[in-house]
Amino acid sequence: MDAMARLTAIVGGTMVLLRRRSAPKTHAIGQTPAIPEAKTQGIMTLKMPSAHGWEPGHLPTVAPGLKVNAFAEKLDHPRWIEVLPNGDVLIAESKQRPRPPRSFMDRATIATMARARAIGDSADRITLWRDADGDGVAETRTVFVENQNQPFGMALVDGTFYVGNTDGVVAFDYRDGMTALEGPGRKIVDFKPGGHWTRSLIVSPDRTKIYAGVGSLTNIGDNGMEEEEGRAAIWEIDIASGKARVFASGLRNAVGMAWEPTTGALWTVVNERDGLGDETPPDYLTSVQDGGFYGWPYCYWGKTVDDRVPQDAAMVAKAIQPDYALGGHTASLGLCWMPAGTLKGFGDGMVIGQHGSWNRSTLSGYRMIFVPFENGRPSGPPRDILSGFLSADEKLAYGRPVGVAIGADGKSLLMADDVGDIIWRVTDA
C-alpha cells in the first residue's frame, strides 16, 4: 500500500498541477453561487494531505475574541458528539473500514485515504467524558458502549439511548448519570451498510421521531440504482411504533442535521458528487422538505443535469434547489444550530465542521465555519470560527473537523477532530 500511495502521489500531483491552471479562482458559496461548467475527469483528481496531528503548544487558529482549548485528547478517530442533559459528553470513535479495491482508481483512492488516516481499523465505540469541576477540560473517561458497527449518530429520548450504526439504529435502556450502557441493545431499524457509512441522528422537537442520514453507496449510482434503494436519503423513524420511512431523498450524503427554531424546519449539510471539477458542484446547506427530492444522482444544484448518469426527466423536473452553497468538496459534515449569545460576536446561525476535500486541485474546507441566519434563512457569507488545520503547502493536516455541538454550559462550542484525535472547545476569550 505504501508503494501505491507513492505512485498515487506522483500521478495525482501531475493531474493537480495540470488542473490547477484552469481551476476557478472563486468559491461557489451562498444563495446564488457561480458554479462553473462541469468538466468530466478521466482520471479523478486525488489530493489529500498526510495526517500529521498537533505538536505540543500548537493550536487551531481561532476567530478574534475567542479562545480554544483541548476538552479531551488521545481519542481514536473521534467523529461525532452528543452532549447529555447532565453535561456528560459522548464521543463516537469510528472510521471507514478498508475493503478490497475494485479498480486501479479505487486502489489509488484507498491508498490516499489510508495516508490521511481516514480508513483503517475502527474503534467501534462511544466514550463518555466528564468535566466534573467545570474548567473546560474533561477529567474522566469511560467506555459508554463498545463492539458496535461503525457507530456515529447518537440520541437520547425518555430513558432510551439510540446509536446510529452503519447497518441500522440500536436502542438501549438509559438511566440518568449512567457511565456505561448495559446489554446488547435492540435493533429498531435496518440500513444498508457501507459506502458513505455514517448514520447521523437527530430527535424531532416534539420528541416523537428520530431522523437518520443514510448516504449513497457510490459517487453517482455507479452500480445501478437498485443498489442505492433506501440510500442518499434522510429517514424518519416513529419512536412509538418503530415504523420508518424515507423523509427526503436525492441527498447524496446528508450527514449533520439541525433544527432551525424560527421556522421549525430541519436543515442538513450534504456532500455532493465528485469528478466534475474543483467547484462543481458545491456541497450545500439546505432546509429539508417532507417528500422532497434534491437531485442525486440525475442532477445537481436544482436541475443541472449530470450527463454521466442515465437520465430520468421526471426526477430532474421535481428536483429542489438547495438553499446555500458551501463550496466544492468541502466535505461539510458537522452541523448544529448556535443561538445568539453563545459566542462573542456571533449571532444566530449554523455551525459547520468541514472535514476537507480530496477531489480538487486546491484544497478546500478544513475549518469550522459559521453561517449567519435571519428570519429562518441564511443571511450572509460564512465566517471562520476555527482554521489552521492545514500546513501552508497543503501537504500536512494537523487536524480535520467533523462533528460540532453546543457545550452543556450554553457558552461553548465543541468540535471533533479525527486527525488530531482531540475534542476542541471554543469559548469567549
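Which lysines does residue 74 reach when only Cα atoms under 17 Å apart count, and residues fewer than 8 places away in its own chain are ignored?
Reachable lysines: 95.
So what's the convex hull volume per residue for the Cα atoms of the chain, in Å³?
Values: hull volume 58.3 nm³, N = 429.
Once divided by residue count, the hull of the chain is 136 Å³.
Percent relative contact order of region 133-274, based on C-alpha pairs within less than 8 angstrom and at least six residues apart?
16
Once both labels are modelled 7 Å past Cα along the beta-carbon direction, what's the residue 263-residue 409 spacing in nm?
3.4
What does the convex hull of the Cα atoms come to per residue for region 242-286, in Å³?
That works out to 102 Å³ per residue.
To check my understanding: the extent here is largest minus smallest coordinate of the Cα atoms along each principal axis. What are those three numbers for region 53-144, in Å, largest first?
Projected onto the principal axes, the Cα atoms of region 53-144 cover 52, 34, 21 Å.
So how far, in whole Å, is the C-alpha centre of region 227-275 from the one of region 27-75?
After rounding, the separation between the Cα centres reads 24 Å.
How big is region 274-357 on each of its three principal axes, counting only the C-alpha atoms and giving the largest first in Å?
Projected onto its principal axes, the Cα set of region 274-357 covers 49, 30, 14 Å.
What lysines sit close enough to residue 318 to cross-link, taking a C-alpha to C-alpha distance under 20 Å and skipping anything fewer than 8 places away on the same chain?
303
Give the Kirkwood hydrodynamic radius (Å, one decimal) of region 145-283, defined as one over the mean of 1/r across all pairs of different Cα atoms.
Its Kirkwood hydrodynamic radius stands at 15.8 Å.
Calculate the tail of P(r) for region 159-203: the fraction of all Cα-Cα distances greater than 17 Å, expressed in %.
Beyond 17 Å sits 36 percent of the P(r) for region 159-203.
With a 10 Å radius around each residue's Cβ, average the other Cβ atoms per peptide and rank 277-287, 52-62, highest first.
For the peptides 277-287, 52-62, the packing ranking is 277-287, 52-62.
Ratio of alpha-carbon Rg to the 2.2 N^0.38 Å globular estimate for region 270-429, to two decimals, please.
1.11
Measuring from centroid to centroid over Cα atoms, what is the spacing of region 362-383 and region 185-222 in Å?
25
Pick from 225, 350, 415: which is most flexible by mean-square fluctuation in a GNM of the chain where alpha carbon atoms under 10 Å apart are linked?
In this elastic network of the chain, the residue with the biggest mean-square fluctuation among 225, 350, 415 is 225.
Order 122-130, 142-150 from most to least packed using the mean count of other Cβ atoms within 10 Å.
In decreasing order of mean packing, 122-130, 142-150 become 122-130, 142-150.
No lab work stands behind these numbers, since they all come straight from the coordinates. Every value quoted in this text rests on a predicted model; they were computed, and no experiment measured them. So basically every Cβ, Gly included, is an ideal-geometry build from the backbone, and we count neighbours across all protein chains shown.
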